[in-house]
Amino acid sequence: MKTVVSGIRSTGNLHLGNYFGAVKNFVQMQNDNNCFFFIADWHSLTTHPTPEDLHINVKRVLAEYLACGIDPEKATVYVQSDVPEIPELYLLMNMNAYLGELERTTSFKDKARKQPENVNAGLLTYPVLMAADILIHKAHQVPVGKDQEQNLEMARKFARRFNNIYGEETFPIPQPYSYTGEFIKVPGLDGSGKMGKSEGNAICLVDDPKDIRKKVMKAVSDSGPTEMNQEKPEPIQNLFTLMDIVSTKDTYDFFNDKYNNCEIRYGDMKKQLAEDIINFTSPIRERILDIMQDDAYLHKVTKMGAEKARESAAKTVEEVRRLIGFRKF
Ligand code: ADP
Ligand code: TRP
C-alpha cells in the first residue's frame, strides 16, 4: 500500500483548478492508499491573513474537501497546525536547505515580485515546510497540479539529501501523481495563464449559478476563426480546455467542429459551458453549505484526523531525531 500526502493552503475558496488539479485525485486515491490530506494553514501565513480570517478560511477548505467526497473514514483529514511534529521536522530540514537554491525557486521569485513589501523568511523556506509535510508521513505519492512541480522537486531533493547524510532508506523519494498521468493546468477565463485564487479569474466550487453564468459569459474570446481548421489562439483554447474538462465528449466535439468550420458562436458555447460547470458544481455547493453549518461534525473530523496524523508524524520525528544524534539523558 502506498502512502499519499497532499494539502492545499487555506487562502480562499477552492476553484475548478484546485478540484481538477488536486482534489479529484485525493478522492480517487483514498480508496486504495494510506492517504493524508490536510489544510495548509501555516503556509497561508506567508500572505498575512487577519486573525478573524484565519479560522474561517480553514473551515471553508475543510468543508470543501468533505463536500468533494474526501471521506475521513478512509483518509486522514487534518489541519496542518494541529500537528506540531511538522515544524520540528521543518526546523531540522532547514539545516540542510541552502539559501541559493531557495532563492532560485520560481514560486519564491514570483511571490517576491507580487508582494515586494512582504518578502518574509516564510516565503523563502516555503518549500522546506512543504517537504516536511510530505516527509513526515514518508509519502510515496503526492497529488498536485502543475504549478507545484518545482516545490515537489525540492521535496525530492531534500529527501535524497537527508538519506545521503543519515541513511539511505529513511525517506522514500516522493513522486508526483495525477490520474491523467501528467500534471494538470486548468486555464483561467481571462485569456491567459492558469485559474488561480490570486489571479482573480477563478470559478469557485461554492459560486452560485448566477455568478458562474456571469463569469463565463465575460470570458475573453475573439471575433472568430476566419480559416477552416485554424489553430486556436490562447483565450479560445482555454475555453475549449475547460469544456473538455467539464462537458461531455459530444458537446466538446460539437463546438470543436463548429470552430473548425468557422461557424462557431462563442455566445452559444459559453452558455453551454456555464450550464455544464453549474451541473458539476451545484451538488458540491449544496454539500459545502450544509457542512459549513455542522460544527460538531467538523470538530469530530479534525479531532480524529489530528490524532491519526500525529501518530504517524511522531514515529518519523523520533526516527529522525535518533538518526541526527539526539539522545535522552
Ligand atoms: P491557487 O493557485 O488558487 O492559489 P493553490 O496554489 O493553493 O491554488 O493550489 C492548490 C492545489 O491546486 C495545488 O495542488 C495546485 O497545483 C492546484 N491548482 C491550483 N490551480 C490550478 C490550476 N489552474 N490547474 C491545475 N491545478 C491547480
Ligand atoms: N504548496 C501547496 C500549494 O500551494 C500546498 C502544500 C503545502 C502541499 N504542503 C504540501 C501540497 C504538501 C502537497 C504536499 O498548493
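The values are calculated or read from the model by the stated rules, or taken from the named source; none is laboratory data. Worth saying up front: this structure is predicted, and the values here are computed from it rather than measured. All Cβ positions, even for glycine, are placed from backbone atoms using ideal geometry, and neighbour counts span all protein chains on display. All accessible areas refer to the heavy atoms of the entire protein, side chains included, with ligands and DNA or RNA removed. Shrake-Rupley method; radii C 1.70, N 1.55, O 1.52, S 1.80 Å.
A few remarks follow.
- Whenever a residue of the range 277-301 is among the aromatic types (Phe, Trp, Tyr), its partners that are in a helix (DSSP H, G or I), lying with C-beta atoms within less than 7 angstrom and at least six residues away or across chains, give the pairs Phe280/Val246; Tyr297/Ile291.
- Filter result (touching a Cys at 6+ places or on another chain (Cβ under 9 Å) and within 16 Å of ligand 2 (Cβ to nearest atom)) within the range 194-213: Lys197, Leu205
- Here Glu169 fulfils each of the conditions (1) acidic (Asp, Glu); (2) away from ligand 2 (no atom under 14 Å from the Cβ); (3) not assigned by TED's automatic domain parsing to the domain that holds Asn18 apart from (3).
- The range 132-180, residues that are away from ligand 1 (no atom under 15 Å from the Cβ) and aliphatic (A, V, I, L, M): Ala132, Leu135, Ile136, Ala159, Ile165, Ile173
- Among the residues making up the range 23-56, a single one is closer than 22 Å to Met292 by Cα, outside any helix (DSSP H, G or I) and open to solvent by 50 Å² or more (accessible area, probe 1.4 Å): Thr50.
Let's see how each residue does on (1) open to solvent by 20 Å² or more (accessible area, probe 1.4 Å); (2) of a type in the set (Asp, Glu):
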{"site": "Ile184", "(1), (2)": "yes, no"}
{"site": "Gly196", "(1), (2)": "no, no"}
{"site": "Glu199", "(1), (2)": "yes, yes"}
{"site": "Val206", "(1), (2)": "yes, no"}
{"site": "Met217", "(1), (2)": "yes, no"}
{"site": "Phe280", "(1), (2)": "yes, no"}
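- Against the list (1) within 14 Å of ligand 2 (Cβ to nearest atom); (2) aliphatic (A, V, I, L, M); (3) more than 15 Å from the chain's Cα centre (by Cα), the condition Leu14 fails is (3).
- With respect to being part of a helix (DSSP H, G or I) and farther than 30 Å from Asp110 by Cα, Asn229 falls outside the description.
- Residue match in the range 120-136 (condition: open to solvent by 10 Å² or more (accessible area, probe 1.4 Å), more than 19 Å from Phe36 (Cα to Cα), near ligand 2 (Cβ under 10 Å from one of its atoms) and assigned by TED's automatic domain parsing to the domain that holds Tyr98): yes
- Residues satisfying the stated conditions in the range 162-171, i.e. surrounded by fewer than 21 Cβ atoms within 10 Å (Cβ to Cβ) and free of Cβ contacts under 8 Å to residues at least 40 places away in the same chain: Asn163, Asn164, Glu168, Glu169
- Close contacts from the range 139-161, counting a first residue that is farther than 16 Å from Lys109 by Cα and outside any helix (DSSP H, G or I) and a second that is open to solvent by 60 Å² or more (accessible area, probe 1.4 Å) and within 11 Å of ligand 2 (Cβ to nearest atom), with Cβ to Cβ under 9 Å and a gap of 6+ residues or different chains, come to His140/Tyr177; Gln141/Tyr177; Val142/Tyr177; Pro143/Tyr177; Val144/Tyr177.
- Ile236 vs. criteria open to solvent by less than 60 Å² (accessible area, probe 1.4 Å), in the same structural domain as Ala274 (by TED's automatic domain parsing), within 13 Å of Gly17 (Cα to Cα) and not in a loop (DSSP other than H, G, I, E, B): no
- Filtered residue count, the range 10-19, keeping only those that are out of contact with any Gly (no Cβ under 7 Å at 6 or more places or on another chain) and crowded, with 22+ Cβ neighbours inside 10 Å: 6
- Selection status of Ser81, within 13 Å of ligand 1 (Cβ to nearest atom) and either open to solvent by less than 40 Å² (accessible area, probe 1.4 Å) or on the phi < 0 side of the Ramachandran plot (or both): no
- Filtering the range 172-182 to residues that are away from ligand 2 (no atom under 13 Å from the Cβ) and either at pLDDT below 90 or open to solvent by 70 Å² or more (accessible area, probe 1.4 Å) (or both) leaves Tyr179, Thr180, Gly181, Glu182.
- So Asn96, is it open to solvent by 20 Å² or more (accessible area, probe 1.4 Å), within 27 Å of Ile245 (Cα to Cα) and assigned by TED's automatic domain parsing to the domain that holds Lys303: no
- Residue check, Lys109 touching an Asp or Glu at 6+ places or on another chain (Cβ under 9 Å), under 25 Å from Phe37 (Cβ atoms) and either away from ligand 2 (no atom under 13 Å from the Cβ) or open to solvent by 70 Å² or more (accessible area, probe 1.4 Å) (or both): no
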